[in-house]
1. What's the exposure ranking of Thr52, Thr167, going from fewest to most Cβ atoms within 10 Å?
2. Between Leu98 and Ile78, what length comes free when the chain is fully extended (0.36 nm per residue of separation minus the Cα-Cα distance, one decimal in nm)?
3. Please give the calculated 222 nm ellipticity per residue for the chain, where each DSSP H segment of at least 4 residues contributes -39500 (n - 2.57) and the sum is spread over every residue; nearest 500 deg cm²/dmol?
4. If you keep only loop residues by DSSP, which trypsin sites (Lys or Arg not before Pro) in region 59-145 have at most 12 other Cβ atoms within 10 Å of their Cβ?
5. Summing +1 for each Lys or Arg and -1 for each Asp or Glu, what net charge is found among the other residues whose Cβ lies under 15 Å from the Cβ of Asp197?
6. Given a cut-off of under 8 Å on Cα pairs at least six residues apart, what relative contact order in percent is computed for the chain?
7. Enumerate the amide H contacts of Lys166 below 5 Å, restricted to partners 5 or more residues apart or on another chain; note that Pro and chain-start residues carry no placed amide H.
8. Among the listed pairs Lys166/Lys239; Lys95/Lys309; Lys82/Lys309, which have their C-alpha atoms separated by more than 19 angstrom in this model?
Amino acid sequence: MGDIMKKFLLVCFLIIFIPYLIVTIFVKDDYEKQVKFYIVTNQKIRVYRDKTKKIDSLPLEDYVSHVLAGEMPVNFDIEALKAQAVAARTYAVRKMNLRKEKQYDVVDTVSDQVYLDDETLKKNWGKEYEEKINKIKSAVIQTKGQYLTYNDEIITAFFFSTSSGKTENSEEVFVKALPYLTSVDSSWDSISPVYHDSKTFTLKDFYNKLNLNYSPTLVYKVTEKSEAGSVKQITINNKEFTGKEVRQKLNLRSTYFSITKKDTNITINTKGFGHGVGMSQYGAEAMAQNGKKYDEILKYYYQGVEIKKI
């Protein structure tokens with residue numbers, strides 16, 4: 001009886017202990033990761049509404065759908081829309097992590113990402129609402145939970161409308177150098193309807209906007225350019241400006257500009273639209289039209305990143 005009892009106890013021990021060991025060694029780490037990401041992503045994102053001054057709380061994927069509607073033309077290729085969905089989700093998740101202790105995570109304007117609610121979309125799209133929102137939701141569903149990392153850290157997923165032919169190094173626009181936000185060729189952006197732009201000012205208006213004293217003679221010199229060819233520093237009638245200052249004061253589409261004076265008029269020609277860092281939206285569309293998938297687009301504009309899924 002003693003041997004039988006010992007064998008029985010040994011079998012019971014193995015039946016109980018081995019599954020426990022498997023769960024402890026192989027499952028625990030994955031479970032802890034799931035819990036960690038659950039806290040980050042399944043929380044509702046808090047959106048500050050600029051017009052109403054209220055805070056809306058909604059599921060992350062719903063937010064991404066409405067950002068996609070506000071940030072990229074719906075008629076774009078589905079692969080470009082999917083790339084934008086991942087970039088928007090990445091941006092949002094990073095903000096959610098950074099602003100845990102704040103009242104809200106993101107603002108519904110270009111300060112963060114443009115968010116358009118259903119009421120606005122139904123008004124804007126009318127009878128096309130169902131068709132367009134379904135296309136957007138398809139892009140979001142097909143990339144559900146996907147976000148971008150570099151060295152296992154969530155990236156700052158900057159994006160913009162149209163490059164001047166090359167994207168910008170992050171440190172030349174936002175000071176901080178980020179290894180995944182480096183200048184890449186994007187010459188196919190020429191498909192964009194806002195690739196070229198031109199604005200004309202009277203000489204008086206030009207000087208007023210730049211807070212310069214009037215002079216019939218205009219003397220200017222670009223003293224520094226970015227790798228992409230945008231104006232970083234320029235001297236106008238002995239006063240120094242950054243390209244960003246000139247863009248803001250004259251309401252230009254980009255810092256890739258040239259100045260021409262004719263009689264008492266000043267014409268400024270620009271290339272591109274936006275800050276130029278990260279993913280070019282029209283560049284993404286051009287790549288998609290040429291058969292590139294959303295992951296290829298993302299890994300081109302965000303160098304060295306990985307796409308992870310929650």
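1. Thr52, Thr167
2. Full-extension gain reported as 4.2 nm.
3. Value at 222 nm, helices only, nearest 500: -12500 deg cm²/dmol.
4. Answer by residue number: Lys100, Lys102.
5. Result for the local shell: +3.
6. Details: 519 pairs, mean separation 62.8, N = 310.
After rounding, I find 20 percent.
7. Counting only residues 5 or more places away or on other chains, the set is Ser186.
8. Lys166/Lys239
A short reminder: the numbers here are calculations on the coordinates, not readings from a lab. Since the structure is predicted, the reported quantities are computational estimates derived from the model, not experimental observations. Counting neighbours? That spans all protein chains shown, and the Cβs are built from the backbone with ideal geometry, glycine included.
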